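Heads up, the thing below is written out as structure tokens.
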Amino acid sequence: MDYAPYARALGIGVVTGLRSMAPLALLSLASHRPNSAVPPWNARLERFTHSRLSLAITAITTLAAVGEAIFDKTPIIPARIQPGPLFGRVAIGALAGGVLCRAEDASPWVGAALGAVTAGATAAGAYYARREIQRITHAPDIVLGLGEDLLAGSLGAVVARLVTTASEARR
């Protein structure tokens, strides 16, 4: 049994816990890459990735991810561990984990569970870690937020690249 898709579901869950909109943007962008295993999953949907709707979804999810990265550093965004934001991260983690596993012919249900649990755990862990690091170092919140952006973006790029590499290896 190949456990790599489940490892990628865990990875995308971590990204979701750090930046909730990043996985949606990464999956949308990855679907346009040549040889990507990310949707479309079958020939009937192949035309969708080249449609105006698909391009609009990619633009919207990318703008949402950039907006989240910007607004994360302001006090107007509620804490990620409050019920609404936490539920959103868990739901997006489930969606992203399920999509990644489905794209790689692994159980989307297991991928969804892994993505959801990891997103929730990472959201809480990152929240408390950021608070503790700020308490100890007195670093400005914007600096810590930028560090999270870098970590989420880097890990997300690695996961997206691994999915593409795995797809190429199966062909």
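Every number here is computed from the coordinates shown, using simple stated rules; none is lab data. Since this is a predicted model, take the numbers as computed values, not measurements. Here Cβ is always computed from backbone atoms with ideal geometry, including for glycine, and neighbour counts include all displayed protein chains.
Observations on the model:
- Sorted by Cβ neighbour density within 10 Å, fewest at the top, the residues Ser51, Ser20, Ser107, Ser28: Ser51, Ser107, Ser28, Ser20
- Taking θ as phi - 60° and the Karplus parameters 6.51, -1.76 and 1.60, the scalar couplings of the stretch 112-117 work out to 5, 5, 5, x, 5, 5 Hz in sequence order, x denoting glycine and proline.
- Inter-probe distance in nm under a simple model that places probes 7 Å from Cα toward Cβ, at Arg161 and Trp109: 3.5
- Length added when fully stretched, Ile70-Leu150, from 0.36 nm per residue minus Cα-Cα: 27.5 nm
- Net length gained if the chain between Ile81 and Ala139 were fully extended (0.36 nm per residue, minus Cα distance): 18.8 nm
- Annotation: the residues Thr118, Thr74, sorted from fewest to most other C-beta atoms within 10 Å of their own C-beta, follow the order Thr74, Thr118.
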